[in-house]
Structure formats: structure tokens, C-alpha cells
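Undergrad: I'd like to ask you about the structure that follows.
The values are calculated or read from the model by the stated rules, or taken from the named source; none is laboratory data. Predicted model only: the values in this text are computed from it and were never measured. With ideal geometry, Cβ positions are generated from the backbone for all residues, glycine too; neighbour counts draw on all protein chains shown.
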């Protein structure tokens, strides 16, 4: 996520490209390598025919459904289904990528990994470890004591393991993930804001529609009342 890219490329294109890359990462993690290309297909589209997905991914319909069901279990995709009256009335599923949910899921995974890495660093700094220089086996101090500080594999004497290099490597991994997490959080905030605005527009449109329907009903009732009153007045005049 290099910052100078923002100056070189169109910001909208960069943002979309980054979202696709982030989504690809989480989709491949959950559904495996067969799902490669799925995000490109579903991104910014709605209700994609599952048979078209299978054709483009060069997979069977059952393979595609297995992938999509895994993603649906995580809330990353949703579907609608329609009966195909031309082919015996079978149901065809149409799939949509849930952008906000996908980014939120990725954010949770990054936070979990960062927490695990921090715990590893804490353990490395607070505990003493022993290792065998011949077979590379690593033991805690308790396990080393149980084996009289000799390797249970080859019988050689164990050495105290220096963990400074490992701690430094873990700290670098945390920095990498925190940088990605910052980007994901920013993207997620933009998506949530966009979805909130869309919900507000939808709510306003629904309220406007309901108001229009109420107005029509009121006019109809008023018209019927006026007609009824007119009929009553006509009867009185005849009398």
C-alpha cells in the first residue's frame, strides 16, 4: 500500500483496485485457489448467474456452488433464486458480493493475527528457550529440564536459544499487518458511509412512496364521500 501510488493513479481507480486485492486475499483464504477470479467477476455487480460464474471460472456448477456456499457461511456473498421455467422449473441462484461484510471479515482476521504475533513476542521475551544445533528442535525451559537439557531426538546437549532475531522478525510482521489494517479500516469506513447513505436514500424513497399511496387512498376516500353526499342530497330534493 505505497502512498505515492495515490498521486500517480486516479484515486477512484486506486481505491477500487485495492479493494479488489483485499477481497481476493480473504476469498482465497476461505474458499481456496479455485475461487481465484471470483472477486473480479462479482465486484460492483449484482445478481450474477451461477452458471455464468462456473463458465468463466472453468469449473463445474457443483464446484462453484461449494465455493459460494463457503463464502455465504461467512456472510461475504448473498443470493437470490429464481425458477427457470424453460428448463423444468429448476432454481437458478444469482450471487452478489457483500463488500462491507468482506472487508469487515478481513479486518477481524488481521486484528486476530496481530494479537497472536504480540503474544508470541511477549512469550519470546519473558521465557527461556533451548534448542538443538543439530536437528533444530526447540524446547521450553520446562521441557528441556524434563530431558536433562539434552535433545530427545539426537541426545546432544541443548543450548540456550537467542530470540532477539525472532522477536525482530515478528515485530516486522506486526508492522506489515498494521499498515494493511489501516488501509482496510479506511476502506471499510468509506464503504459503510456509502451503504448508510444508500440506506437513507432507500428509506426516503420508501417513505415518499408510502406517502404517495396514502394520498391516493385519501383522495379516493374523499371522492367516494363526496359522491355519497351528493347522492344523499339528490334523494332529499326528490322528496
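Undergrad: Scan 10, 24, 44 and give me the residue that is closer than 21 Å to residue 184 by Cβ, at pLDDT 80 or above and surrounded by fewer than 14 Cβ atoms within 10 Å (Cβ to Cβ).
TA: 44
Undergrad: Only residues that are surrounded by 15 or more Cβ atoms within 10 Å (Cβ to Cβ) and out of contact with any strand residue (DSSP E or B) (no Cβ under 9 Å at 6 or more places or on another chain): list them for region 67-85, please.
TA: The answer is 67, 70, 74.
Undergrad: Moving to a separate point now. What tally of residues in region 56-65 results from selecting those that are touching a residue at least 24 places away in the same chain (Cβ under 8 Å) and surrounded by fewer than 16 Cβ atoms within 10 Å (Cβ to Cβ)?
TA: The total comes to 1.
Undergrad: Another one. Examine region 214-231 for a residue that is without any contact (Cβ under 8 Å) to a residue 40 or more places away in the chain, within 30 Å of residue 23 (Cβ to Cβ) and out of contact with any helix residue (DSSP H, G or I) (no Cβ under 9 Å at 6 or more places or on another chain), and state whether such a residue exists.
TA: No, every residue in region 214-231 fails to be without any contact (Cβ under 8 Å) to a residue 40 or more places away in the chain, within 30 Å of residue 23 (Cβ to Cβ) and out of contact with any helix residue (DSSP H, G or I) (no Cβ under 9 Å at 6 or more places or on another chain).
Undergrad: Hey, another quick one. Take region 67-117 and flag every residue that is modelled with pLDDT of 90 or more, out of contact with any helix residue (DSSP H, G or I) (no Cβ under 8 Å at 6 or more places or on another chain) and within 30 Å of residue 172 (Cβ to Cβ).
TA: 112, 115, 116, listed by residue number.
Undergrad: Of all residues in region 66-78, count the ones that are without any contact (Cβ under 8 Å) to a residue 24 or more places away in the chain and not in a helix (DSSP H, G or I).
TA: 1
Undergrad: Of the numbered conditions (1) under 14 Å from the mean Cα position of the chain (by Cα); (2) exposed (fewer than 12 other Cβ atoms within 10 Å of the Cβ), residue 89 satisfies every one except a single condition; which is it?
TA: Just one mismatch for residue 89, condition (1).
Undergrad: Among the numbered conditions (1) surrounded by 13 or more Cβ atoms within 10 Å (Cβ to Cβ); (2) part of a helix (DSSP H, G or I), tell me where residue 94 comes up short.
TA: (2)
Undergrad: Within region 111-158, which residues are surrounded by 16 or more Cβ atoms within 10 Å (Cβ to Cβ) and over 30 Å from residue 178 (Cβ atoms)?
TA: Within region 111-158, 130, 132, 137, 139, 144, 151, 158 qualify.
Undergrad: Looking only at region 133-161, count how many residues are assigned to a loop (DSSP other than H, G, I, E, B) and more than 43 Å from the chain's Cα centre (by Cα).
TA: Going through region 133-161 one residue at a time, the tally reaches 12.
Undergrad: Moving on. Of the numbered conditions (1) without any contact (Cβ under 8 Å) to a residue 24 or more places away in the chain; (2) within 30 Å of residue 180 (Cα to Cα); (3) surrounded by fewer than 16 Cβ atoms within 10 Å (Cβ to Cβ), residue 34 fails exactly one; give the number of that condition.
TA: Unmet for residue 34, out of (1) without any contact (Cβ under 8 Å) to a residue 24 or more places away in the chain; (2) within 30 Å of residue 180 (Cα to Cα); (3) surrounded by fewer than 16 Cβ atoms within 10 Å (Cβ to Cβ): (1).
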